Each structure stands twice: as structure tokens, then as C-alpha cells.
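Notes to accompany the following structure.
The values are calculated or read from the model by the stated rules, or taken from the named source; none is laboratory data. No experiment lies behind these values; they were computed from the predicted model shown. Glycine gets a Cβ as well: all are built from the backbone with ideal geometry, and neighbour counts include every protein chain shown.
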Amino acid sequence: MRSVGQQIRVGSCAWRLIRWPRAHRGEGSGWRWAQRTSLAALLIFQTFLSGCFSPPRRVAELDGRSPAGAVFSEQGNPAGKAEAQEPFWSIDGDLDPARVLVPGRRVVVTEFNVEFVDYQFQLPIPRQPMFKNPMITMNPVHMAISLIGFGRRYTPIDEQHQRSLASALYNAFLQDLRRRGLGLVTRDELQASSGYAALRKSSAVGSSLLVYLNIFGSDTGIVMHTRTMAAPGLCVLQGSSRGAMALPGFLDNRASGPCVLRGSVRARTAAEAQILRETHADVALAVRLRVGTFQGHPALEHRSMIRLTTCDGSTTLRACHSLVSDLMVTSDSRYRPVVGRIQPVDAGMFSEELAGTVPTFVGLALSESKP
């Protein structure tokens, strides 16, 4: 049975629909297999009509090692030379992190959260779609995607391992701050602050059903569910307990629009100023690292955030790219209709690899970003 390959280009996306067999109706199972393969190709084509992201970055590329064996870059452009010039983090504010976080300054970490992406839509190719298909539609292609669970990836990890992961990443972050010559306010000093006490807190926050209304993707796929876990001794801050809206996800002050979050923004800004005074710190840091897997590899993901606050103002940094390791941490996946592919993760390897990647990922924000 002969096979053929076909090259298709849509906008900036070029990818290969690899070699499906020419089968005839009389060949039974071969014909059915060809039908399923053609449907999968059509689904990918339909998804990419709305555009796609550049592939996520690899740790090996940023470490200066040869990207010749790149898993996530496209053929013909393994290192992504044109894309490598794009900023890794965007910056919103007047403060330059490289000038603010200088040796000798005292830093208080008011929040350190790990947002674990456990359910997402992810294509088995480097480039991911910018927009997801509508939830309710009469389009038979979109309906087929929902019914067969095409592209969906569920990566379960229990709460105990999530807490261990948050602790490992938090410790790696603090160690990196010490390496920069910064002094750290202790958690006991932070918790004794009345400004910190005025903020609503939770040890863990799961994403609401509204996440299904989110139409935007990332370079590692479209998020369908997350669970945010605070580092030990800290909490997920949700606004002020004195009249402001207590909304999770405060770090992303654009998530629900300025009108919705205006009260929380004012309350949080006032609380951070009070925390700086009471702890005698020069800089307040709030961090949310989004983590997950990309094609089975651990990733510090697009839309992670860091917020710096001083007496002169604040600046928010948002990751524009994901950083992916070469280590494979998932295995023994199984498929379930509607749900999609279930991929258990080796929690120990996952945590250790991400902790080792934190200094590189955060360093791109704190050392190289300019307002």
C-alpha cells in the first residue's frame, strides 16, 4: 500500500500532514483508518484557520546548547532565529526590575503561587492555536472535537504533590533572590503586618467554570482547568477584607476588566504600601508561576506573572513565551472519550526539573526586562 505526504501552509503556519495510506473501500479496516486520519487532519486544519503561536522556547536554547535536536521547533527553523528576538516577558509599569532589585535591598515576598494546568487542549505539533472553537456550535467538525476529545490532555497530580511542587519552586525562587544579594523579609515578619492581615487569603484556588468561556490560547495550548496552590506559609491573596471585591487571580488585573477589579486594585496597592512600611522592605514581590506539561515535557508557561511594588509605584511582568525542558515526565497515557488523553506525571521528576528551571525563567524577567 503506497503512501503520500502533503505540505499545507495557512497564514504563518507551515506543517506537514504526514503520510496517510491510499486505501480502498474494499480494504475494510484500512479504509476506516484512512477516514479517521483524514478527520484528524481536517480538525487540525480547521483549528489553525484562526492563527497560531510560535513554538515555546527550550531550556537548551537559552543555555546556549545546540538546538539541533530540538523537539518543539519546526523543521527548517530549529532555533527560531527571527522569533528569538521577541521579548520573553512584557512589562507594564515604570519600574525597571534590573534597577529595583539591586544587591543590598530588602525584599518581601507577599505572594508566591503555582498555577498548575491540569486540563487543556493541545495539538500534537509545535504550534498551538491562538483561539479555541466555540463551546456551542452546529459545526460538525467542532462537535466532533468535543465528542471524541481530540487534542484534550488531562494531567492529574494530587494535592500533596502540588504542595510539594509549590514549596520546591518557592525555595528555588528565594535562593535565586539571595544569589542576587537581596535581603529577605521572613514570613513571620510578613504575617505580623496589619496590611497583610487585611487581605483575603486562601491556601488553594481552583479555576471556575468561566474558564471555558476563555477563547484565548497560549503557546502550550488552550487552558481548560487549573488549580492554584500557595507556597507554604503564604496564601493566594484575593483582595481586601474591608469592602473590596475578593476575587481570585488578583495578579492578573486585566482578567475581568478594570471596572470589576478597580476596588481590589486600590485595596491591594494600599495594603502593599502598608506592608513595605511595617516590614521596612524596599520592594514587595508577588509571583504566580503557571506550570504544566507540553507534549509530556515540564513547562513554566506563558502568562506567568511577577509584580514588583516600591514606594514609587508598581510594575507587572507577564511571560510572553513558555520555557520547556527536554525531560519527559509523563508516561502510560490512556484515552477516554470526551475527556481526551489522560497523562499521569512523575511528580518527583516534574518538581525537580521545574525547580532547576526557575532561575533561568525568572532571571529573564528580573534582569533583562526594560520598561
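Looking across 289, 276, 354, 300, one residue alone is touching a strand residue (DSSP E or B) at 6+ places or on another chain (Cβ under 8 Å), modelled with pLDDT of 95 or more and over 30 Å from residue 152 (Cβ atoms). It is 276. Within the range 225-254, the set of residues being more than 17 Å from residue 300 (Cα to Cα) and modelled with pLDDT of 85 or more comprises 232, 233, 234, 235, 236.
Quick one: would you say residue 329 is of a type outside the set (Asp, Glu), free of Cβ contacts under 8 Å to residues at least 40 places away in the same chain and more than 20 Å from residue 86 (Cα to Cα)? So residue 329 fits the description; yes.
Going residue by residue through the range 113-135, is there one that turns out to be at pLDDT 90 or above, of a type outside the set (Val, Ile, Thr), within 16 Å of residue 307 (Cα to Cα) and assigned by TED's automatic domain parsing to the domain that holds residue 200? Yes, the range 113-135 has at least one match. When 307, 266, 277 are screened for being outside any helix (DSSP H, G or I) and among the basic types (Lys, Arg), only 307 passes. For the range 308-362, the set of residues classified as under 24 Å from residue 62 (Cβ atoms), out of contact with any helix residue (DSSP H, G or I) (no Cβ under 8 Å at 6 or more places or on another chain) and of a type in the set (A, V, I, L, M, F, W, C) consists of 320, 328, 345, 349, 361, listed by residue number. May I ask you to list the residues in the range 310-332 that are within 15 Å of the chain's Cα centre (by Cα), surrounded by fewer than 20 Cβ atoms within 10 Å (Cβ to Cβ) and within 14 Å of residue 295 (Cβ to Cβ)? Across the range 310-332, there are no qualifying residues. For first residues located in the range 191-202 and in the same structural domain as residue 268 (by TED's automatic domain parsing) and modelled with pLDDT under 90, partners that are surrounded by fewer than 21 Cβ atoms within 10 Å (Cβ to Cβ) and among the basic types (Lys, Arg) and lie 6+ apart or on another chain with Cβ distances below 9 Å form the pairs 198/242. Quick one: in the range 55-106, of everything that is outside any helix (DSSP H, G or I), modelled with pLDDT of 85 or more and among the small types (Gly, Ala, Ser), which residue is farthest from residue 122 (Cα to Cα)? Per the stated criteria, the residue is 104. Of everything in the range 333-363 that's within 17 Å of the chain's Cα centre (by Cα) and aliphatic (A, V, I, L, M), which residue is surrounded by the fewest Cβ atoms within 10 Å (Cβ to Cβ)? This residue is 355.
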